[in-house]
Amino acid sequence: MKLLRQTQRMFLRVVLPVFATAGVVMYFVMYLAIMHETDEKLAETRVAIEDFVRAHDTLPAFFQRIDARLEARPMPSDLTDFREKFSDTTLLNPLENEEEPFRRLCFPLKIRGQWTQLSILQSTVEQEELAMLVIALLALSFGLLFGAILWVNRAVSRKVWQPFYETLEIMRGFRLTNQEPLRLAPAAAQEFQELNTTLETLTEQVRKDFQAVKKFTENASHELQTPLAVIQNKLEMLLQDETLNETQARQLAIVAQSARRMARLNQSLLLLSKIENNQFSERKKLELKPLVEKKLAWLEDFIAEKQLVVHTDLRDKTLEINSFLAETLVSNLLANAVKHNLVGGSLRILLDEKKFVVENSATPPNAPVGELTVRFARGSQQTEGLGLGLSIVAEICTQQGLGLNLTFEKNLWTARIEFQK
Amino acid sequence: MKILLIEDEPDLAATVRDFLRGEGYLVEHAADFPTADEKASVYEYDCLIVDINLPGGGSGIDVIRNLKKKRPWAAVIIVSARNAFNDRIVGLDLGADDYLTKPFYLPELNARIKALLRRRHFGGNNDIIFNEIRVNPNERNVSVSDVPLDLTPKEYDLLLYFLANPNRVLRREIIAEHLLGDDADQMDDFNFIYSHVKNLRKKLLDRGCGDYLRAVYGIGYKFTDKT
C-alpha cells in the first residue's frame, strides 16, 4: 500500500468518527433547543388561555390554526391528580395531506365549573426543517473541507516525496559492480538529504568492500599462480627420480593431480573475477558455427570414449562478442555436456539466428537447476568437476548480455543461450 | 644452444632454468624489463622465452618489439596468463613464434623449444631420430627402419612429444594437456590417452621397433631405450 493511501486511510479513520459524532451531537443539541423553545411557547400560550378562561369562563375561539391547535375534552372526575404533561405527536396537515410533527401540552382547567383536559398543540415542522437544513449545511461544509484536505494532502505529498522517488529510481539502477560511486540528487528536505547522504555512504562502503573482495580474489589468484607452477614442475621433476618405488611414485602422482586441480581452480577464479571486472570488454564480430565445430572436434576423444550419439544442427550465425569469452562459453557448455553425459547417451547441439542450445542425457542433478550457477555448486558427485563451469557460463552471459536458460527434464539436461535477451 | 629466459618470479625462473640446463641448453636469465631489453638487444640467442608481465617500466611485449626491430629472425616464445588473450595476439603479431600459458609444464616448454629450434634450422637435415625411428617434422611423416609408418594425427603428436622428452616420466595429465591444449582444463578424465598410447605402441612394435613406450606405475608413460 502506498504511503499516501496509508496516511489518508489513517486520517479517515480518525476524522470520520469525529465528524459523525459531532453531527449526531449537534443534531440532538439543536433538537433539544427547539423542544425547549416550543415548550416555552406552549407554556406562554397556556398562561394566555388560563387568563382568557378566568376572564370569560370560556375557551378562546380563534385558536384553531394550521400550526397551533387547541383541544378540549371533558375529564373524568377520578383523574383529579392529572398534571400537566408535554409530549410529541403528529397531526394531519389538511393542506398538504401529510402527517406533521407537533408538540403537545396537556393541562387541566376548570371551565364553567367543569374540569376539562386541554391540549394545546404547536407544530414543530418549521423548526425541524431548519434543524435539518443546518445539519445538511454543516455536513456539506465538513465534506468539502474533508475533500479539500485530502486533495491538498495528496498534492503536497506528491511534491514533497518527489526526491524520495528520484532516489528510489537511482537506487534501482545501482549495482555492486558499478565502477562509479552512487550519486544522488541533492534534496531540499533535510530528511531526504540525510537519507541520500546515508545511502551514498552506505553504498560506497559496500561497493568498496565488494571491489576489495574482488581485487583480493584476483590478487590472491594471481599470487598463487607462481608457487603453484613451481610446485607442479618440481613434482614432475621429483617423479623423474629413478630410485622412487611404486608407492612413492603413486603418492607423488596424487599430489601432482591435486596441484593441477588447484591450479585449474585458481585459473577459474581468476577468470571469473576478470570477467566481473569487465576486463574482456573488447568485442568483434565472430562466426559461431566454426567455433562450435572446432570445440566439438576437440572433444572427439571424449565423445568416442562415452560412445555418445551426437546430433548437430548448426546454421551460420555472426555475433558481436568478445572472442575469448565466446570460446570459453562454448567449450564450457560442450565440455559439460560430454563430461556429465551417460555412456551411450545423446548430445544435441543447435545453433541458429536466435539461440545456441546444448542438450544432453544425464542423471538428475542433485541440486536445484537454478542453484547450479552458484559457485562451487555441483550437479553430481560422480565427477570431480570444479563447480565453477556454470558460474563462468552465467557470468559470461550476464556480461555479454546473453540470456541463459538451464533446464532438466525427462533425463535431458538443456542449456539454452538466447542471443537476444 | 643459448636461451634467454625472461621471467620475474625468481622461484619459477630457477625451476625453468634448472630444467633447461638439464636439457643441455645455455640459459641466461633476466628478471626485469631493463635487463631483459638490454640482453635481448646486445646478445644473440637461439630462443627467447618471454614472460609478458615484467617489472621495471616495460612489458615483455616491449622487449619483443625492440628485439624484432633489430633481429626479425629471433625465435620467441611468449609466456602469458591464461586469459591474457590480447597480449598473446599482440605478441604473435609482433613476430613471436609460439605462446605458452601459465602455469605450464616443463616438458611442454621443452617440446615447444625443440619444435621452434627445428623450424629455425631448416637449412640442414632436421629429422628427429631415435634409434630406428625417424620423424620428418616438415612432412609430418614417420618411418621405422626406413619403412614409412602410418599414424593418426594424435598418435603423431604423441610420438613427437615423447621424442622431445625421452627418458622422462610423463603423467597422463601432462600428455593430455599437450594433446588438447589449454582447453584440457575443461576435462578431468584422460583415459583416452591410454588407447592412443596403446595404438602407437602396437604400431611401433608391429614394425619391429624396440619396446620404448613403457607404462610407469599406472601414472603415466616413459619413452626410453634404457632398460
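Values quoted throughout were computed directly from the atomic coordinates according to the rules given, and no laboratory measurement underlies them. Given the structure is predicted, the values throughout are model-derived calculations rather than measurements. Neighbour counts are summed over all protein chains in view; Cβ atoms, including those assigned to glycine, are modelled from backbone coordinates with ideal geometry.
As a length-normalised measure over Cα pairs under 8 Å and 6 or more apart, the relative contact order of chain A settles at 9 percent.
Only loop residues by DSSP count here, and only those with at most 14 other Cβ atoms within 10 Å; note down the GluC sites (Glu not before Pro) in the stretch A:104-162 that meet that. Sites meeting the loop and neighbour criteria: none at all. Both radii were evaluated on the Cα set of chain B; the Rg over Rh quotient, with Rh as the Kirkwood radius, amounts to 0.99.
With the highest mean first, a sort of the peptides A:398-404, A:365-371 on other beta-carbon atoms found within 10 angstrom per residue produces A:398-404, A:365-371. Ratio of Rg to Rh for the stretch A:3-156: 1.24 [Cα atoms; Kirkwood radius as inverse mean 1/r over pairs].
Taking Cβ atoms as reference points and 15 Å as the exclusive limit, the residues near A:N278 contribute a net charge of +1, counting Lys and Arg as +1 and Asp and Glu as -1. For chain A, the longest principal axis of the C-alpha atoms and the axis of helix A:246-276 are separated by about 50°. The helix-based estimate of mean residue ellipticity at 222 nm for chain B, built from -39,500 (n - 2.57) per DSSP H run of four or more residues and divided by its residue count, is -13000 deg cm²/dmol to the nearest 500.
Ignoring lysines fewer than eight residues from A:K214 along the same chain, the ones with Cα atoms less than 25 angstrom from its Cα are A:K274, B:K102. Taking 22 Å as R0, compute the FRET efficiency from the Cβ-Cβ separation of A:Q307 and A:N411 and round it to 0.05. Approximately 0.80, to the nearest 0.05. Under 18 Å Cα-Cα from B:K222, which aspartates and glutamates qualify once same-chain neighbours fewer than 8 residues away are excluded? The qualifying aspartates and glutamates are A:E236, A:D241, A:E242, A:E246, B:E23, B:E108, B:E132, B:E155, B:D157, B:E173, B:E177, B:D211. For the pair the stretch B:194-215 / the stretch A:32-57, the C-alpha centres are spaced 141 Å from each other. Once a ≥ b ≥ c are taken as the square roots of the eigenvalues of the Cα gyration tensor of the stretch B:166-227, is the result rounded (a/c under 1.5), prolate (a/b larger than b/c) or oblate (a/b not larger than b/c)? In terms of gyration-tensor shape, prolate. Ordering A:A229, A:V152, A:F11 by Cα displacement along the dipole of chain A toward the positive end leaves A:A229 in first place; charges were set at the Cβ atoms of Lys, Arg (+1) and Asp, Glu (-1).
Our summary of shape: the Cα atoms of the stretch A:210-321 have principal axis extents of 57, 46, 19 Å, ordered from largest down, in whole angstrom.
Before rounding to the nearest 500, sum -39500 (n - 2.57) across all DSSP H runs of length at least 4 in chain A and divide by the residue total; then give [θ] at 222 nm in deg cm²/dmol. Only helices count here, giving -19500 deg cm²/dmol. Residue by residue along B:85-98, Cβ atoms of other protein chains within 10 Å of the local Cβ number 1 on average.
For the stretch B:2-120, what does the alpha-carbon gyration tensor say about shape, rounded, prolate or oblate, given a ≥ b ≥ c as the root eigenvalues, a/c under 1.5 as rounded, and a/b over b/c as prolate? It is rounded, given that a/c, with a ≥ b ≥ c, falls under 1.5.
Relative to the longest principal axis of the Cα atoms of chain A, the long axis of helix A:323-339 lies at roughly 90 degrees. With Cα atoms as the point set, the protein assembly as shown shows a radius of gyration and Dmax of 49.9, 169 Å. Taking a Cβ cut-off of under 15 Å around A:H56, the surrounding Lys, Arg, Asp and Glu residues balance to a net charge of 0, with basic ones at +1 and acidic ones at -1. Dividing the mean sequence gap of close Cα pairs (under 8 Å, 6+ apart) by how many residues the stretch A:215-295 holds gives a relative contact order of 44 percent. Per residue of peptide B:10-19, the mean number of Cβ atoms on other chains within 10 Å of the residue Cβ is 4. For the peptides B:218-226, B:144-152, the ranking by packing is B:218-226, B:144-152, with the highest mean count of neighbouring Cβ atoms within 10 Å listed first.
Against chain B, whose longest principal axis comes from its Cα atoms, helix B:106-120 is set at around 80 degrees.
In the frame of its principal axes, the stretch A:192-276 has Cα extents of 76, 18, 16 Å, reported largest first.
Please compute, for peptide A:264-272, the average count of beta-carbon atoms on other protein chains lying within 10 Å of each residue's beta-carbon. Average neighbour count from other chains, rounded to a whole number: 3. Residue exposure proxy: A:V134, B:V197, ordered by other Cβ atoms within 10 angstrom of their Cβ from fewest to most, comes out as A:V134, B:V197. For A:K285 and A:E242, what is the calculated FRET efficiency with R₀ set at 45 Å and r taken between the beta-carbons, to the nearest 0.05? With R0 = 45 Å, the Cβ-Cβ based efficiency is 0.25. Computed log10 I(q)/I(0) for the stretch A:125-175 at 0.24, 0.26, 0.28 Å⁻¹: -0.85, -0.90, -0.94, from the Debye equation with unit scatterers placed on every C-alpha and solvent omitted. Taking the Cα of A:L145, stepping 7 Å toward and past its beta carbon, and measuring to each backbone N in the stretch A:22-58: which are under 15 Å? Answer for this model: A:22-27. Loop-located GluC sites (Glu not before Pro) in the stretch A:194-282 (DSSP state not H, G, I, E or B) with no more than 12 neighbouring Cβ atoms inside 10 Å: A:E242, A:E282.
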